[in-house]
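K.L.:
Just passing along the structure, written as structure tokens.
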Amino acid sequence: TKPFFRNHLLLQVLSINGFQNTTYFTLMLFDIVNLSVRLANIVQALAFHRDSLSLVFYLFIATALTYASFGLEFFPEAFTTTHDGEDIKFDTVLSCFWFVFYNYSSRGNLKAFLDKAKPKSADWLPRLFFDTVFFIWVGIILFTTITALLVDALGKARVDQAKRDYEIRNVCFICGMKRTDYDDYGLKRGAPSYDDHCNKDHDPWVYISYVAYLNAKPHNKYSGIETFVKSQMDKGETWVPSKTSVALEAEGKTGPEKSSKPNSDVSSKDHNESGSSSSDHDPSSSSSNNSLKQEVKEMREMIKSNSNNSSLKQEVKEMREMIQSNSNLKEDIKEIRDLIKSNST
């Protein structure tokens, strides 16, 4: 991979330079970042806030440049320092900028590197305001912002690592089955445990080996299953099990065996339940059915009393066809009854 090549190429460069200057060997100690997962996560979390950290760094630069300009304009005598008994004066904005930027380590204390103002002098109050604003802005706000970003980055790294560890321990890598869901199925004694399910039934290395086996095997020697799996792989579609396993399907917990009951039994049960529920809970439907039964009873009596009437037989035949083809039974039967009455007279 690219990071692997980059890191090892850098190590080779450092080792070659180290034989010429041993100072470079000390930089190789930072290879611990590549070897430690926790340190790598911390670095990734810091990189997550790189935009915010870049903006804060820009504010540091802008602040140093602003104070260098105003300080050189209003307090030029303050930008002096002593080195080996020699007084050094900064008389350009760029030199003042580097002087302020270099002394950011004082964490906002201008008096640590600028000449102090004399009490009761003309620039005493302006210097008080100048130094106080610098302390609040740099020493409190900017440095606290960096601290907050670092703490947030470390917290995010800790949360991500805990979430990753939880997923590894409690979610099957192949099918996505959670430990709690697997335990809730209540498999019989002797069935694979969840750990066996993840490490044996759905061992990721077995699936990786199977993929390598398919890639190495000639296509004309594929079996039916192998042809299907290879076609799914080529199309980028899934072919691994989803929240199921052989042990679960063997007990009818998941998979096709769970829904292997005859459809007629299920349909009749659902029909009976729906019929009973509708008659029990819908009074209007019950009264309508009683009225319909009464009308059918009257119609049957009319047919019996006029059984020799050929016209009536034809009407009865049409009535049956109409009932079978039309869902609105009540209106159809009423019309047919009127026809029967008119023929019977």
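K.L.:
Translational diffusion coefficient of the stretch 48-110 at 10 °C, 1.306 mPa s, Stokes-Einstein with Kirkwood Rh over Cα pairs, in µm²/s as a whole number.
P.N.:
On the way: Rh = 12.7 Å.
In µm²/s, the coefficient is 125.
K.L.:
For SER121 and GLU77, compute 0.36 nm times the residue count separating them, minus their Cα-Cα distance, and round to one decimal in nm.
P.N.:
Values: separation 44, 0.36 × 44 = 15.84 nm, distance 1.34 nm.
14.5 nm is the gain from fully extending SER121 to GLU77.
K.L.:
Further, regarding this structure: Just the accessible area per residue of the stretch 1-81, please: how many Å² with a 1.4 Å probe?
P.N.:
Working: 5910 Å² over 81 residues.
Accessible surface, normalised per residue, equals 73 Å².
K.L.:
Using the structure shown, select from LYS163/LYS243; LYS111/LYS156; LYS156/LYS200 the pairs with a Cα to Cα distance greater than 29 angstrom. Before the final figure, lay out the partial values.
P.N.:
Values: LYS163/LYS243 20 Å; LYS111/LYS156 38 Å; LYS156/LYS200 33 Å.
Beyond 29 Å between Cα atoms: LYS111/LYS156; LYS156/LYS200.
K.L.:
Could you let me know the centre-to-centre spacing of the stretch 129-143 and the stretch 23-72, using Cα atoms, in angstrom?
P.N.:
Computed from Cα coordinates, the inter-centre distance equals 21 Å.
K.L.:
Per-residue accessible area for LYS118 at 1.4 Å probe radius, Å² rounded to 10?
P.N.:
150 Å²
K.L.:
Of ILE168, ILE140, which has the most accessible area and how do the rest follow, probe 1.4 Å? All intermediate terms of the calculation are to be shown ahead of the outcome.
P.N.:
Working: ILE168 125, ILE140 80 Å².
Largest accessible area first, the residues go ILE168, ILE140.
K.L.:
Which FRET efficiency value, to the nearest 0.05, do you get for ALA40 and SER69 by plugging their Cβ-Cβ distance into 1/(1 + (r/R0)^6) with R0 = 45 Å?
P.N.:
Working: r = 42 Å, r/R0 = 0.94.
Rounded to the nearest 0.05, the efficiency is 0.60.
K.L.:
Can you run phi through the Karplus equation (6.51, -1.76, 1.60; θ = phi - 60°) for the stretch 61-76 and list ³J(HN,Hα) in whole Hz, with x for Gly and Pro?
P.N.:
Running phi through 6.51 cos²θ - 1.76 cosθ + 1.60 with θ = phi - 60° gives 5, 5, 5, 4, 5, 5, 5, 5, 5, 5, x, 5, 6, 10, 10, x Hz.
K.L.:
Whenever you get a sec, line up VAL100, VAL93, VAL206 from highest to lowest accessible area (probe 1.4 Å, protein heavy atoms). Let's see the in-between values first.
P.N.:
Working: VAL100 5, VAL93 60, VAL206 80 Å².
The most accessible residue leads, giving VAL206, VAL93, VAL100.
The values are calculated or read from the model by the stated rules, or taken from the named source; none is laboratory data. What you see is a predicted model, and the numbers here were worked out from it, not measured in a lab. Reconstructed Cβ throughout: ideal geometry from the backbone, glycine too, with neighbour counts over all protein chains shown. Each accessible area value is taken on the protein alone, full model and side chains, heavy atoms only, with ligands, DNA and RNA left out. Shrake-Rupley method; radii C 1.70, N 1.55, O 1.52, S 1.80 Å.
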